[in-house]
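**Student:** Below is the structure I would like to discuss, written out as structure tokens.
What follows is calculated from the coordinates using simple rules that are stated; it is not laboratory data. This is a predicted model, so every value here is computed, not measured. Methodologically, a virtual Cβ is constructed for each residue, glycine included, from the backbone with ideal geometry; neighbour enumeration extends over all protein chains shown.
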Amino acid sequence: MVLFWYLATTYRWEFYIRFTNLPTPLEVAQQLGKAMDNTKFIHNVGMSLRRIGIGFAVATVLGVGLGLAIGRYRLLRQLMFPAIEALRPIPAIAWVPISIMLWPDNEVSIVFITFIGAFFPILLNTVAGVQAVDAVLLRAGQCLGAREPQLMWHVVLPGAAPQVFTGLAVGMGVAWVSLIAAEMISGQFGVGYFTWEAYALISYADIVLGMITIGVLGLGCSWLIRAASRWCLPWLVYSKPGSQA
């Protein structure tokens, strides 16, 4: 991929797709060196990480908690699921005008949009995980005298956990998409704003640098979720075919 990028930009290939204006890998690397010495770029990265952290944390708490309740209790599911299904298809970016009117400043608005992007994948995967828990395990817990809170903590949550972490991984990806779009439209700081500003200033190397930064940050967040999954669900390693005890 990097080799193709180098050849296409060095020799300025142009065959319907035009590489005449794109920076070379060396130019982007040089721009990265300058950016690392620039406190503004570091601040933009820090602001995006802060926003994704807050929005994703709130989405995780509410999405997992509400998903457990909706998946477990039929009456709650019948009451709330129609409204959730009506709101879910609305893209996070479509919430930007409403969020600007709802919240007192842009910072809270951007965090809210990030939360919206992560919330629905987490919620729906949690609901699916709860409904997939084997009823035999629930009956066994009840026969052993477990009350509802104990069933939720010791049976339902561990049984739904693989699906929950799938929702977290999907939600993290959507959260980054929502965050970058919100920063481009209404932000004053952040990697999305940095990338859009570079486009406005016709700074091609900074545009590519912003895109690469977004990809690296998203990859790092996804790796953290996978690491947390392996730590919280160690039994899954031994349940895979070919694994050794």
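**Student:** Could you list all residues from the stretch 1-25 that are under 30 Å from the mean Cα position of the chain (by Cα) and either touching a residue at least 60 places away in the same chain (Cβ under 8 Å) or loosely packed, with under 14 Cβ neighbours inside 10 Å (or both)?
**Tutor:** Once the filter is applied, which keeps residues that are under 30 Å from the mean Cα position of the chain (by Cα) and either touching a residue at least 60 places away in the same chain (Cβ under 8 Å) or loosely packed, with under 14 Cβ neighbours inside 10 Å (or both), the stretch 1-25 yields M1, V2, L3, F4, L22, P23.
**Student:** Could you please find all residues in the stretch 139-197 being part of a helix (DSSP H, G or I) and of a type in the set (D, E, K, R)? Even if it seems obvious, please write down each step before you answer.
**Tutor:** Within the stretch 139-197, the first condition is being part of a helix (DSSP H, G or I), and the residues that meet it are 139-143, 148-186, 191-197.
Within the stretch 139-197, R139, E148, E183, E197 meet the criteria.
**Student:** Can you report the number of residues in the stretch 74-119 which are small (G, A, S) and either surrounded by fewer than 17 Cβ atoms within 10 Å (Cβ to Cβ) or closer than 23 Å to V133 by Cα (or both)?
**Tutor:** To start, the set of residues in the stretch 74-119 that are small (G, A, S) comprises 83, 86, 92, 94, 99, 109, 117-118.
Okay, now just the ones that are also either surrounded by fewer than 17 Cβ atoms within 10 Å (Cβ to Cβ) or closer than 23 Å to V133 by Cα (or both), so 83, 86, 94.
The total comes to 3.
**Student:** Which one of the conditions (1) among the hydroxyl-bearing types (S, T, Y); (2) surrounded by fewer than 21 Cβ atoms within 10 Å (Cβ to Cβ); (3) closer than 25 Å to G67 by Cβ does Y199 fail to meet, given that it meets all the rest?
**Tutor:** Just one mismatch for Y199, condition (3).
**Student:** Here's a follow-up. Residues of the stretch 119-155 being among the small types (G, A, S) and either touching a Gly at 6+ places or on another chain (Cβ under 6 Å) or at positive phi (or both), which ones?
**Tutor:** G145
**Student:** Pick out the one residue from G67, G55, G46, G71 that is surrounded by fewer than 18 Cβ atoms within 10 Å (Cβ to Cβ) and assigned to a helix (DSSP H, G or I).
**Tutor:** Numbers: G67 fails: surrounded by fewer than 18 Cβ atoms within 10 Å (Cβ to Cβ); G55 fails: surrounded by fewer than 18 Cβ atoms within 10 Å (Cβ to Cβ); G71 fails: surrounded by fewer than 18 Cβ atoms within 10 Å (Cβ to Cβ).
One residue alone meets the criteria, G46.
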